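These notes are about the structure you will find just below.
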Amino acid sequence: MLRRLYADTFESRRRIKPRLWDVDYCLLHGLRNEVAKCVRENVNGSSTIVDLGCGAKPYRPLFPNECEYIGVDACDNPHADYVVSPGDEIPLEDNSADLILSTQVIYLIPEFQDYLAQIQRLLKPNGSLFISTHGTWTHHPASGGDYYRFTQDGLRYILEQHGLEVAQMVPVVGTLGTGLHLRQLVINSWLRRLRLSWIAAALNVFTNLRIKIEDAVSPYGTRMSSPVIIACLARPVSKGAAA
Ligand SMILES: C[S@@+](CC[C@H](N)C(=O)[O-])C[C@H]1O[C@@H](n2cnc3c(N)ncnc32)[C@H](O)[C@@H]1O
């Protein structure tokens, strides 16, 4: 239990305040900034937030204290307010969420139609979905498996199939950075196995600065071609039309 709490605290801190020598610095920093921007533009103190696949709720500190923040997860998770089995209905009212946050979850779900149907059901007509998932990353099954990588077209298509219209898609670490990040992930794991973590950390700083520079000079289309993560804001179409 203590070990899990320590790991959760470390992971949450890493997501909110990653260090420049962390191999995932650029994408964690970028994703955090996108969540923070979404909160600024879509959330107030009376909002109801559903964090779907909440893990340790790492982004909770970015939301106003007063908002209702409900964590849902599929595994036995002490941070979750509701634990559901894949395919089960989440025990929350239809049209009850102002914002559904689901970061780095969909690629873990082999049959994601039910998950998207729950999102569609729970969102208020004027609600928003913030979803992020892998564009390109090494295979890393968390507990079950690591099933999918998405392109902008694939993600848009499946969201539209579930009555959601994409308002914004952002590449978190663009195509040039993806190449650097993949190489650095592999080199990191080799160096750590050789107990050369300090060399890994130094190389990470260098690579992260290079990713920042190369992203800064790449146009949106280039960055979006093969990003590490796609962060997407979407809204219900039919419910909005009906409202
Ligand atoms: C990689 S973690 C991400 C956690 C958190 N969202 C974050 O960004 O740090 C994926 C989480 O999704 C959960 N998950 C997997 N399948 C799910 C499903 N069908 N419904 C809800 N949560 C699910 C896992 O249990 C895990 O907590």
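The values are calculated or read from the model by the stated rules, or taken from the named source; none is laboratory data. Keep in mind that what you see is a predicted model, and the values were worked out from it rather than measured. As a convention, Cβ positions derive from the backbone with ideal geometry for all residues, glycine included, and neighbour counts pool all protein chains shown. Note: areas computed on protein heavy atoms with side chains; ligands, DNA, RNA excluded. Shrake-Rupley method; radii C 1.70, N 1.55, O 1.52, S 1.80 Å.
Adding -39500 (n - 2.57) for every DSSP H run of four residues or longer, then dividing by how many residues the chain holds, sets the calculated 222 nm ellipticity at -13500 deg cm²/dmol.
Using 1/(1 + (r/R0)^6) with R0 = 35 angstrom and r between the beta carbons of GLU111 and GLU68, what's the FRET efficiency to the nearest 0.05? Numbers along the way, then the final one.
Numbers: r = 29 Å, r/R0 = 0.82.
So, using R0 = 35 Å, E works out to roughly 0.75.
Here the Gaussian network model covers the chain, with springs between Cα atoms less than 10 Å apart; of SER218, SER143, SER96, SER143 fluctuates the most.
If you take the Cα centroid of the range 39-93 and the Cα centroid of the range 130-189, the two points sit 21 Å apart. Summary value for the range 88-243: 33 percent relative contact order, contacts being C-alpha pairs under 8 angstrom separated by 6+ residues.
Loop by DSSP (not H, G, I, E, B), at most 15 other beta-carbon atoms within 10 Å: where is the longest site-free stretch of the chain for trypsin sites (Lys or Arg not before Pro)?
Values: sites that count: ARG19, ARG149, ARG195.
Here the longest segment lacking exposed loop sites spans 20-148.
Lysine pairs in the chain whose alpha-carbon atoms fall under 17 angstrom of each other, counting only those eight or more residues apart or on distinct chains, come to 4. Taking θ as phi - 60° and the Karplus parameters 6.51, -1.76 and 1.60, the scalar couplings of the range 61-75 work out to x, 7, 9, x, 4, 6, 5, 7, 10, 10, x, 10, 9, 9, 10 Hz in sequence order, x denoting glycine and proline.
What full-extension length gain, to one decimal in nm, is calculated for TYR148 and ARG183 as 0.36 nm per residue of separation minus the Cα-Cα distance? Provide the component values of the computation, followed by the final result.
Details: separation 35, 0.36 × 35 = 12.60 nm, distance 2.00 nm.
Additional length available on full extension: 10.6 nm.
Only protein heavy atoms count here; on that basis, with a 1.4 Å probe, GLU160 has an accessible area of about 100 Å².
Taking all protein chains as they are arranged and a probe of 1.4 Å, the heavy atoms of VAL237 leave approximately 70 Å² accessible to solvent.
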